[in-house]
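What follows is a short report on a single structure.
FYI, it's all coordinate maths here, none of it is from the lab. Since we're looking at a predicted model, the values are computed, not measured. In this analysis, Cβ positions are derived from the backbone assuming ideal geometry, glycine residues included, and neighbour counts consider all displayed protein chains.
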Amino acid sequence: TIGMIVIGQTGSIAAGTSTNGANHKIQGRVGDSPIAGAGAYADSTAGGAAATGDGDIMMRFLPSYQAVEYMRTGMDPTVACQKVISRIQKYHPYFFGAVICANMSGSYGAACNKLPGFTQFHFMVSNPTLRQPSEQIVDCI
Amino acid sequence: ASQLPLAINTWAFRRAAEAAWSTLQAGGSEMDAVEKGCGQCEIDQCDGSVGYGGSPDEHGETTLDAMIMDGNTMQVGAVADLRRIKNAIGVARKVIEHTRHTLLVGESASMFAESMGFPCEDLTTQSSLSIYLKWLNRSCQPNFWKNVTPDASKSCGPYKQTAKFNKEEQTVWERRIQISNHD
């Protein structure tokens with residue numbers, strides 16, 4: 001799955017997702033990606049977020065919506081991402097998932113749930129400081 | 001202000017990031033950038049988890065889900081369980097532009113896509129067919145059924161429900177979704 005957040009020069013935010021879902025899913029199964037607030041969410045008055053991982057679990061917690069609402073309160077994007085991962089962890093300690101977050105001013109962050117074989121999450125960032133798309137890595141919690 | 005514009009995406013999908021960034025640099029809108037970025041991943045079949053030819057379902061078919069959201073207007077366009085159409089994020093954008101709905105699913109979403117001019121194509125590839133056949137040869141393991149007969153942890157379907165519900169350890173099924181198999 002890809003989840004993407006784009007913030008323009010004036011602070012306008014868009015978000016999106018695209019996926020082919022889980023291997024060997026039962027016919028008709030849909031994951032979190034096409035659900036606003038689950039797979040991704042954007043509000044130009046607060047920020048944007050996108051999630052990836054086990055959609056059957058993650059969609060129950062609306063992590064992207066929750067992260068944006070955390071950022072609306074002024075929370076740092078990295079902390080907002082970590083808090084939504086922690087919220088899911090309480091119920092599903094072994095879920096596979098990660099979230100990226102960005103606020104209106106262009107600050108960004110990410111978080112993931114640490115599992116054997118999944119200890120870091122890789123994501124791509126482009127902004128004027130980086131000049132070109134660059135890969136960034138965050139340690140899972 | 002120097003931190004804007006910004007494009008950020010999950011996973012190390014470089015070509016998708018480049019497509020989004022170059023769209024912004026060329027004067028495209030934020031929505032254009034998201035559509036181009038995610039669309040590039042659909043073309044590239046990023047990681048096997050995006051686009052055609054990946055993650056076959058229990059009948060071997062690849063279906064696509066996509067969503068795009070405008071944070072200015074809070075408009076959302078989405079498609080789910082989309083069949084035989086490669087450009088799922090493009091169809092999601094058309095849901096915003098040409099309907100008053102938010103989410104279209106299944107065969108009806110494919111009919112909408114065709115009416116919007118998207119080509120109808122088989123999403124199966126040799127790779128997805130191979131993944132499916134290997135799974136069949138492993139007695140359909142792993143799968144997402146529970147409390148059915150025959151025992152889904154040992155056999156393929158068709159399944160019927162059982163009256164008795166067994167409690168299973170959460171970790172067992174949660175670990176079926178991992179780095180090469182995810183939303």
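Shown for the range B:54-183: lysine pairs separated by 8 or more places, or found on different chains, whose C-alpha atoms are under 30 Å apart, numbering 12.
When cysteine pairs in the protein assembly as shown are screened for C-beta atoms closer than 4.7 angstrom, the residues that find no partner are B:CYS38, B:CYS120. Relative contact order, whole percent, for the range B:38-126 stands at 28, derived from Cα pairs under 8 Å and 6 or more residues apart. How high is the FRET efficiency between B:ASP151 and B:THR124 when r is their beta carbon distance and R₀ equals 25 Å, given to the nearest 0.05? With a Förster radius of 25 Å, E is 0.30. Available extension along the chain between A:THR10 and A:GLN89 is 24.9 nm, counting 0.36 nm per residue and deducting the alpha carbon span. In vacuo Debye scattering of the range A:94-141, one point per C-alpha: log10 I(q)/I(0) at q = 0.23 Å⁻¹? Ignoring solvent entirely, the Cα scatterers give -0.83.
Only DSSP H runs of four or more residues enter the estimate; each adds -39500 (n - 2.57), and after division by the residues of chain B the mean residue ellipticity at 222 nm equals -10500 deg cm²/dmol. Would you mind ranking B:TRP135, B:TRP21 by Cβ crowding within 10 Å, fewest neighbours first? Ranking B:TRP135, B:TRP21 by Cβ neighbours within 10 Å, fewest first, gives B:TRP135, B:TRP21. Both the radius of gyration and Dmax for the protein assembly as shown are 18.9, 62 Å, in that order, over alpha-carbon atoms.
Between B:LEU136 and A:PHE118, the simple label model (points 7 Å from Cα in the Cβ direction) yields a spacing of 2.9 nm. Each stretch of four or more DSSP H residues adds -39500 (n - 2.57); spread over every residue of chain A, this sum gives -6000 deg cm²/dmol at 222 nm. Summarising the overall dimensions of the range B:33-183 from its C-alpha atoms, the Rg and Dmax are 17.7, 51 angstrom. Inter-chain neighbour count for B:98-111: the average number of beta-carbon atoms from partner chains within 10 Å of each residue's beta-carbon is 1. Compared with the dominant principal axis of the Cα atoms in chain A, helix A:77-91 is inclined by about 20°. Across the range A:26-74, Cα-Cα pairs more than 15 Å apart make up 39 percent of the total.
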